[in-house]
Amino acid sequence: MSRRKPTRTTNPIHFEDLDPKRFEDLVRELIYDFREWQSIEATGKGGGDDGFDIRAYERTTTTALDDEGNEIIRPMDGNLWMIQCKREKSVSPSKIRKILEDIDPDNPPYGYILAAATNFSKKSYDIFREILTRLGVFEFHLWGNATLETELHQPKNDRILFTFFGISNVTRRRSRATEIRSEVTNKNRIMRILGDNISRSWILARDSKDRHYPFEFKYADFDQMPRWQDYEVTELHPRGVLVSLKQCYAWFDEEKKTFDVAEPSIPIRNPYDRTNYTTQDREKHDSIDLVRDFWERLPKKNRAMFHVNGIIRYEDMLVIDEKGDNWRDVPHIFVDFLSGSAVSNTVEYLTKGERQIGLDDFSREVVFPKSFSKPQFGRFFIDESLKLPDGVRSRIVNFQVDCDTLYDVDGRFSHLQPGDIAVIKHDCKDDRFIQITHRYRLLGSEMLKNEPRLALQIRQQIGRDANAEDVINVLEFRICYEHQWKKTQQATDE
């Protein structure tokens, strides 16, 4: 689909915006759950810290003997940790060496943490580890941007994240949960309203900002920027309702991977619309008749329909009015329109019968003219019915959609050329008129190899199985009506 929206991401946390002392406060808050502490002291705030920004004693179960030999508990004794905080954008390996010079080699702490608002290189990690191991520090950790962000995004630290940066993942998750519930509710309502017969149902999308429905004249630019729009539903997508935006007659060549689309598009009119059929609507209908006439004269294998579908997402549906009103007796869906449209993404494709053909690998080739002339007719063979087997004649007379081709191996239809009109008579039905739209030859060997599905149809018409030596004349046709060609036939007779 086009018009894709950007992916939602979480922006980096700006530790550099904190005051250095405030950065120390942040680190001190984060270490509270790092160990079970006896005490944590913010030694850096008062100055004269001897290299300590934060000093902490890890709770341990140590005992000692008093002067009389009795065991006593020393509650303030424990593993000493030294925490150093640097709110700097860059801490080089040489800077790390200098920072670690503050450690007394004769009395090193049990643990050491260096926290900085930067990303450390591999060399920095290696030097940090080498020096502290040589000094005899038992545990040591280097916290950079990535580690600090990971800690802040833990659910247990959401309070700290909000206190220092005004961000709450818990609030965001609650908001997302509300969004999901709204989407699910909208999906279930749409499924219930449209029922089992989703395809070919209709909805009216309305702009939530509009206050003049149903009076189009209130907007001088309504044709270019509609505030409500009828949509024919094609199917339900997991993300929303798929609707038809455009349908056109099309030509395509599957081997060459080319296609073309005829304009104007076929008007998609809501049958539940109570508004009058205007003169402009009739003019559009007449224009489409000319397009369809040209399209029906194309070879059957090249005829297709062009579709543009859009999606109205469940998450964008603000209100669903399932009853509609007596002007538009269909469900009304309120959304925020963007550039006169309720849809967020679109997709284009061709259909050929039941097949759906994507256009990613196709290129455009001009086949349709910019303007279409009135229908043209050839000769008229309307005095005598075409000689066809009863079964074939019956299917044509009864408008069977799968019967639109004649096959000839003995020359009985040699007089018929594209554009000619012929008649098919039936005892119990009115006469049916057909117009030849395309004629070509098919070798029996080619048919048996490439078109075996035609074997039954050909046998029904020629009265035997086709063989490899046959030259089969193929005549594609369409049903036409007397009013379409009568004036032309009368002028020809005169």
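Remarks
- Degrees, to the nearest 10: 279-296 long Cα axis against longest axis of the chain: 80 degrees
- Each label was represented as a point 7 Å from its Cα along the Cα-to-Cβ direction; for residue 465 and residue 441 these points are 2.5 nm apart.
- With a threshold of 31 Å on the Cα-Cα distance, the over-threshold entries among 187/301; 187/284; 246/486; 300/425; 246/301 are 187/301; 187/284; 246/486.
- Crossing angle, helix 20-30 versus the chain [Cα axis fit, 0-90 degrees, rounded to tens]: 80 degrees
- Taking all Cα pairs closer than 8 Å and separated by 6 or more residues, the relative contact order of the chain comes to 10 percent.
- Overall form of the stretch 155-231 per C-alpha gyration tensor (a/c, 1.5; a/b vs b/c): oblate
- Taking other C-beta atoms within 10 angstrom as a stand-in for reagent exposure, 305, 317 fall in the order 305, 317, fewest first.
- Protection proxy ranking of 387-395, 228-236 - average other beta-carbon atoms within 10 Å, highest first: 228-236, 387-395
- Neighbour-count ranking [beta-carbon atoms within 10 angstrom, fewest first] of 212, 426: 212, 426
- Gain in span if fully extended, residue 373 to residue 134, counting 0.36 nm per residue against the direct Cα distance: 76.7 nm
- For residue 14 and residue 211, the difference between the fully extended length at 0.36 nm per residue and the C-alpha to C-alpha distance is 66.6 nm.
- Whole-Hz couplings from phi, Karplus 6.51/-1.76/1.60, listed for the stretch 330-340; x for Gly and Pro: 9, x, 9, 10, 9, 9, 7, 5, 10, 6, x
- Our helix-only sum for the chain, with -39,500 (n - 2.57) per DSSP H run of n ≥ 4 divided by its residues, gives a mean residue ellipticity at 222 nm of -8000 deg cm²/dmol.
- Amide H partners (placed H, <5 Å) of residue 438, local residues excluded: 476
- When the Cα gyration tensor is reduced to axis lengths a ≥ b ≥ c, the ratio a/c is 1.5 or higher for the stretch 380-493, and with a/b above b/c it is classed as prolate.
- Backbone geometry of the stretch 233-249 corresponds, through the Karplus equation with coefficients 6.51, -1.76 and 1.60 at θ = phi - 60°, to 3J(HN,Hα) couplings of 7, 9, 5, 9, 9, x, 9, x, 9, 7, 10, 7, 9, 7, 9, 9, 6 Hz, x marking Gly and Pro.
- Legend: ranking of residues 35, 28 from fewest to most surrounding C-beta atoms inside 10 Å; resulting order 35, 28.
- Between the amide H of residue 201 and those of 233, distances stay under 5 Å, these residues lying 5 or more places away or on another chain, with hydrogens modeled in the peptide plane.
- Taking the stretch 233-376 and dividing mean pair separation by its residue count, relative contact order in percent (alpha carbons under 8 Å, at least six apart): 30 percent
- Each residue of the stretch 348-358 is assigned a 3J(HN,Hα), and the resulting list reads 10, 6, 10, 10, 10, x, 8, 7, 10, 10, x Hz, derived from the Karplus form 6.51 cos²θ - 1.76 cosθ + 1.60 (θ = phi - 60°), x at Gly and Pro.
- In a reduced charge model with +1 at each Lys and Arg Cβ and -1 at each Asp and Glu Cβ, the chain shows a dipole moment near 1380 debye about its Cα centre.
- Shape class for the chain, computed from the alpha carbon gyration tensor (a ≥ b ≥ c): prolate, with a/c not under 1.5 and a/b above b/c.
- Pairwise centroid distance, computed over Cα atoms, of the stretch 127-166 with the stretch 386-464, Å: 82 Å
Here, each number is a calculation from the coordinates, and none is a lab measurement. Predicted model only: the values in this text are computed from it and were never measured. Note that we place each Cβ from the backbone using ideal geometry, even for glycine, and neighbour counts take in every protein chain shown.
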